[in-house]
Amino acid sequence: MEIYNKNGAQGLPDEAPFDRILISATCEKIPEKLFSQLKENGLIVAPVGLPHDCSILTIQKIKGKPVIKKKISGFRFVAFI
């Protein structure tokens, strides 16, 4: 197992595909560049939504499409402006 601790905004295309991707900053939607680096049946866990009204989503790649497997609402994240 390898863990990467760095700015992953573009993902790591040279190391892809990945079984799991953890996004630790809120995003409006899952970035396509990261989703495309996920293996089939792989999972992304990410805070999605506005900084003051986020949900933590677990999304699985099934037949190349994102499928929400779990959604937990009611989170707040700090926004850097």
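Every number here is computed from the coordinates shown, using simple stated rules; none is lab data. Quantities reported herein were computed from a predicted structural model and do not represent experimental measurements. Virtual Cβ from ideal backbone geometry, glycine too; neighbours counted across all protein chains shown.
Could you tally the net charge around residue 70, taking each other residue with its Cβ under 15 Å from the Cβ of residue 70, Lys/Arg +1 and Asp/Glu -1?
+4
What do you get for chymotrypsin sites (Phe, Trp or Tyr not before Pro) in the chain restricted to DSSP loop and a cutoff of at most 12 other Cβ within 10 Å of the site's Cβ?
Passing both the DSSP loop test and the Cβ count: 4, 80.
Just flag the GluC sites (Glu not before Pro) in the chain sitting in loop per DSSP whose Cβ has no more than 11 other Cβ atoms within 10 Å.
Qualifying residues, ordered by number: 2, 15, 28.
Run the helix sum for the chain: -39,500 (n - 2.57) per DSSP H stretch of 4+ residues, divided by residue count, reported at 222 nm to the nearest 500 deg cm²/dmol.
That comes out to -500 deg cm²/dmol.
GNM on the chain, C-alpha springs below 10 Å: top fluctuator among 62, 23, 44?
62
Could you tell me which of rounded, prolate or oblate describes the chain, using a ≥ b ≥ c as the square roots of the eigenvalues of the alpha-carbon gyration tensor, with rounded for a/c under 1.5 and, failing that, prolate when a/b is larger than b/c and oblate otherwise? Don't jump to the answer; show the numbers that get you there.
Working: a/c = 2.12, a/b = 1.35, b/c = 1.58.
Oblate is the answer for the chain, as a/c is 1.5 or above yet b/c matches or exceeds a/b.
Within a 10 angstrom radius of the beta carbon, how do 73, 36 rank from fewest other beta carbons to most?
Taking fewest neighbouring Cβ atoms as first place, the list is 73, 36.
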